[in-house]
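Participant: Below is one structure. I have some questions about it.
Derivation of every value follows stated rules applied to the coordinates shown; laboratory data play no part. As the structure is a prediction and not an experimental result, all values here were calculated from the model. Please note: Cβ atoms are built from the backbone with ideal geometry, for glycine as well, and neighbour counts cover all protein chains shown.
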Amino acid sequence: MAETKTDTKTGTKTETKTEKMGFEAEVSRLLHMMVHSVYSDREIFLRELVSNASDACDKLRYETQTDAGLKTDGDDFGVAIAVDADAKTITVSDNGIGMSRDDLIANLGTIARSGTSNFVDQLSGDGKKDVQLIGQFGVGFYSVFMVADNVSVTSRRAGEDTAHTWTSNGEGTFEVAEADKASQGTEITLHIKEDATEFLEQYRLQTIITTYSDHIEVPITLAIKATDDKEAEEAKVVNDGSAIWARPKSDITDEQYTEFYRHVGHAFDEPIHKLHYKAEGMQEYTVLLFVPTSKPMDLFDPARKNRVKLYVKKVFISDEGTDLLPGWLRFMRGVVDSQDLPLNMSREMLQNNPVVTRMSKAITKKILGDFEKMAKKDTEKFETIWSEFGGVIKEGIYEDFERREQILKLARFKSTAVEGWTTVADYVERMKDKQSAVYYITGTDEAALRKSPQLEGFKSRDIEVLLMADAVDDFWLQSVPDFEGKPFKSITRGASDLDDIAEAKDDGEKKEKATEGQMTTLITLMKEVLGEKVAEVRASDRLTETASCLVASDTGMDMAMERILKASNQLDHEAAKVLEINPGHAVIRKLAEKAGETGAIDALADPVWLILDQAKILEGDPLDDATAFARRMSSAMEKGLA
Ligand code: ADP
């Protein structure tokens, strides 16, 4: 479609094109949900728009400070909301950084924010469930389509001459055309749906702003042009606007903290914990940090960036690459406002900056201290935080050499001896007299770990084992040999000496066992049959119920670690495992009795392979030859049924 556009300086008219484009498929799904949503908190669209507008002002203020050549139309930043009740429109404008044509297409045509696509993947098509998801994740700009059936965004990027308008009704496509706009920034006009006219009322809008956006620092003005009064009402500033972190704690309500957390962290849940304090002395800065209740979407983003915003004397500097918190605290959200840094800090200057490093150290120390206090005084709350973020905090055990011990002491683990969480220190308290090591098993799922055959011998002797189900456990355990002199020992690796620690409980009757002589003969036979498929075959005190299990050899890599490396293609060769067999198991006893007979090696070959395959199945490992397994299994069943 062709339109004419007049150059404001020369008066020449040129033809410009309106381009029609399709939304990215994921955005279309999201918009479809927005357009047809029955979400009761539709008012959040305004919070999203105001939040974006204020971010845009922050970004421009920062750019003007670091790029002296950047031309702007004044730096009196602000957000203006204007309502035309007759035309049924709400317009939200800002004089922030603005968007170029490409920005408009990328930001408002695709899913820009990392993690939002996860959100879309979770959409089920079931209206009710999806609506709940909006509450949990929020969807930024696109939420305007809950209240508007047509939206236009006119924007001019600071420093650029041309403005563009993006328009859409949220149904599959949007249009972009060149536009006229006198000043930099963005103007968003919403044509309000028939069922959303409540949002044209002054009182309603005023309440929404006070609820969600009072803390926004740039002034927000509201002007209403009402039906009966043809004159536009004078724009009034409607937000408080003082930096919340600079206010005394007693002046801030819980709701205000929550709304600030949501704005600063792009979050939609409640914060479970906050840390608000001012450091004075050598360095002066204010900290307001939050722990989210649920995992932020980008928690496992490989970049592992922290999302804490750095301000200098209340001026926003950066929320990227600030090194304000170590990677293992990246789940925290909030702001740090320094009095000591210069205002014209460029992002590059922030890296390895000694002031930032000192601040980061002190803040990390404070957070750890705060967690330690909470772990003692409000154990339940700490354990809730640990359940969500323990897997991330534990990264600090191998990354943060200085704080390794402190973090390990704070760490909570599941165990075979207690319900809920325990610490390693408490484990050590409960250790048996003759026990010297802290036993653990690693894997990916606590419930599956509890069923591991390797645990049987420990359970029957009442020896406690820590169950470690986070991927990170295999890594830190590699670099931390012991806890206060007690070595960590994997129960799936190396020989065990359980009988030296305690005797097995025998449920009333002593279990019959194959004799040592019989076992030696059987083990020799098994080694001959299995050849290089096993590193060793040995009798086990790890097992009580199961016939066999696999463990890594003393010098080998722990099995869970091997699985992780294999899954990430970092291991091309797997070490042969030790096959442990249970002398008290009926099948092993039978095999041991027959192992000395002539021709035993041929007669017992099939059952011996089955014993190995069984152990593999229990480990969740693939079988080398599933067809052979099925054949042997069928033949064994046939004999059993005969
Ligand atoms: P989010 O704000 O969480 O990133 P949105 O969907 O709300 O997600 O916005 C997407 C992107 O569009 C923003 O990250 C920002 O880059 C851009 N944007 C939105 N509104 C504005 C605005 N008023 N000024 C400049 N850029 C904006």
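Participant: For each of TYR257, TYR212, count neighbouring Cβ atoms within 10 Å of the residue's Cβ, then give the residues from fewest to most.
Facilitator: Taking fewest neighbouring Cβ atoms as first place, the list is TYR257, TYR212.
Participant: How far is helix 516-530 tilted off the main Cα axis of the chain, in degrees rounded to 10, range 0 to 90?
Facilitator: 60 degrees
Participant: Would you compute the Debye intensity of the stretch 245-383 from its alpha-carbon atoms alone, equal scatterers and no solvent, and pass along log10 I(q)/I(0) at q = 0.09, 0.14, 0.19 Å⁻¹ to two decimals?
Facilitator: Each listed q corresponds, in turn, to -0.26, -0.64, -1.22.
Participant: Which of the aspartates and glutamates could be linked to LYS409 by a straight reach, that is with a Cα gap under 15 Å, when you skip same-chain ones fewer than 8 residues away?
Facilitator: ASP370, GLU372, GLU383, GLU395, ASP400, ASP426, GLU429, ASP473, ASP482, GLU484
Participant: May I pose another question? Give me the Å³ per residue figure for the convex hull around the C-alpha atoms of the stretch 503-614. Write down the numbers at each step before the final one.
Facilitator: Numbers: hull volume 13.3 nm³, N = 112.
Cα-based convex hull of the stretch 503-614, divided per residue, equals 119 Å³.
Participant: Let me ask something else. Taking LYS590 as the anchor, which aspartates and glutamates have their alpha carbon closer than 17 Å to its alpha carbon, excluding any fewer than eight residues away along the same chain?
Facilitator: Answer for LYS590, where 17 Å is the Cα cut-off: GLU512, GLU516, GLU545, GLU580, ASP602, ASP606, listed by chain and number.
Participant: Any chance you could run the full-extension gain for LYS236 through GLN339? It's 0.36 nm times the residue separation minus the Cα-Cα distance, nm to one decimal. Don't skip to the end; give the middle numbers.
Facilitator: Values: separation 103, 0.36 × 103 = 37.08 nm, distance 3.15 nm.
Result for the pair: 33.9 nm of gain on full extension.
Participant: Just the number, please: percent antiparallel of the DSSP beta bridges in the chain, rounded to the nearest 5.
Facilitator: 75 percent
Participant: Counting DSSP beta bridges in the stretch 288-401, what percent are antiparallel, to the nearest 5?
Facilitator: 50 percent
Participant: Using alpha carbon coordinates only, what is the Rg to Rh ratio of the chain, with Rh defined as the Kirkwood radius?
Facilitator: Dividing the radius of gyration by the Kirkwood radius yields 1.11.
Participant: While we're on this one: List the relative contact order of the chain as a percent without decimals, with contacts defined as Cα pairs under 8 Å and 6+ residues apart.
Facilitator: 9 percent
Participant: Under 1.5 on a/c is rounded, so check that first for the stretch 234-276, then, if it is not, pick prolate when a/b is larger than b/c and oblate when it is not; a ≥ b ≥ c are the square roots of the alpha carbon gyration tensor eigenvalues.
Facilitator: It comes out oblate by the Cα gyration axes.
Participant: Just to confirm the number: angle between the C-alpha axis of helix 626-641 and the first principal axis of the chain, 0 to 90 degrees, nearest 10?
Facilitator: The helix 626-641 is inclined about 50 degrees to the chain.
Participant: I've got another one for you. If the reach is capped at under 19 angstrom between alpha carbons, list the lysines near LYS594, excluding any in the same chain fewer than eight residues apart.
Facilitator: Qualifying lysines at Cα under 19 Å: LYS513, LYS527, LYS639.
Participant: Given a cut-off of 29 Å, name the pairs among LYS274/LYS459; LYS376/LYS451; LYS366/LYS434; LYS20/LYS88 whose C-alpha atoms lie farther apart than that in the structure shown.
Facilitator: Values: LYS274/LYS459 41 Å; LYS376/LYS451 32 Å; LYS366/LYS434 39 Å; LYS20/LYS88 25 Å.
Check vs 29 Å cut-off fails for LYS274/LYS459; LYS376/LYS451; LYS366/LYS434.
Participant: How big is the dipole moment of the chain about its Cα centre under a simple scheme where the beta carbon of each Lys and Arg is +1, that of each Asp and Glu is -1, and everything else is neutral? Debye, nearest 20, please.
Facilitator: The dipole magnitude comes to about 1060 debye.
Participant: Taking the Cβ-Cβ separation of PHE300 and ASP445 as r and a Förster radius of 25 Å, what is the calculated FRET efficiency to the nearest 0.05?
Facilitator: About 0.90, to the nearest 0.05.
Participant: Between the alpha-carbon centers of the stretch 199-276 and the stretch 441-494, tell me the distance in whole angstrom.
Facilitator: One Cα centre to the other: 50 Å.
Participant: Continuing with the same structure: Would you compute, from DSSP H runs of 4+ residues alone, the mean residue ellipticity of the chain at 222 nm, taking -39500 (n - 2.57) per run and dividing by the full residue count, rounded to the nearest 500? Each step should come with its number before you reach the end.
Facilitator: On the way: 22 runs with 237 residues, N = 642.
Taken over the chain, the calculation gives -11000 deg cm²/dmol.
Participant: For the stretch 380-420 and the stretch 498-570, write down the distance between their C-alpha centroids in whole Å.
Facilitator: Using only Cα atoms to place each centre, the spacing works out to 31 Å.
Participant: I would also like to ask the following. Which of LEU329, GLY69, THR89 sits farthest toward the positive end of the charge dipole of the chain, with +1 on the Cβ of Lys and Arg and -1 on the Cβ of Asp and Glu?
Facilitator: Result: LEU329.
Participant: Give me ASP482, ASP602, ASP541 sorted ascending by neighbouring Cβ count inside 10 Å, so fewest comes first.
Facilitator: Going from least to most buried by this count: ASP602, ASP482, ASP541.
Participant: All other residues with a Cβ under 11 Å from the Cβ of TRP476 taken together, and with Lys, Arg as +1 and Asp, Glu as -1, what is their net charge?
Facilitator: Charge balance in the 11 Å sphere: -4.
Participant: Let me ask another. Helix 25-35 versus the longest principal axis of the chain: what angle, 0 to 90°, nearest 10, using Cα atoms?
Facilitator: 60 degrees
Participant: Give, as a single signed number, the net charge of other residues whose beta carbon lies under 9 Å from the beta carbon of LYS181, with Lys and Arg counted +1 and Asp and Glu -1.
Facilitator: Once all neighbours under 9 Å are counted, the net charge is -1.
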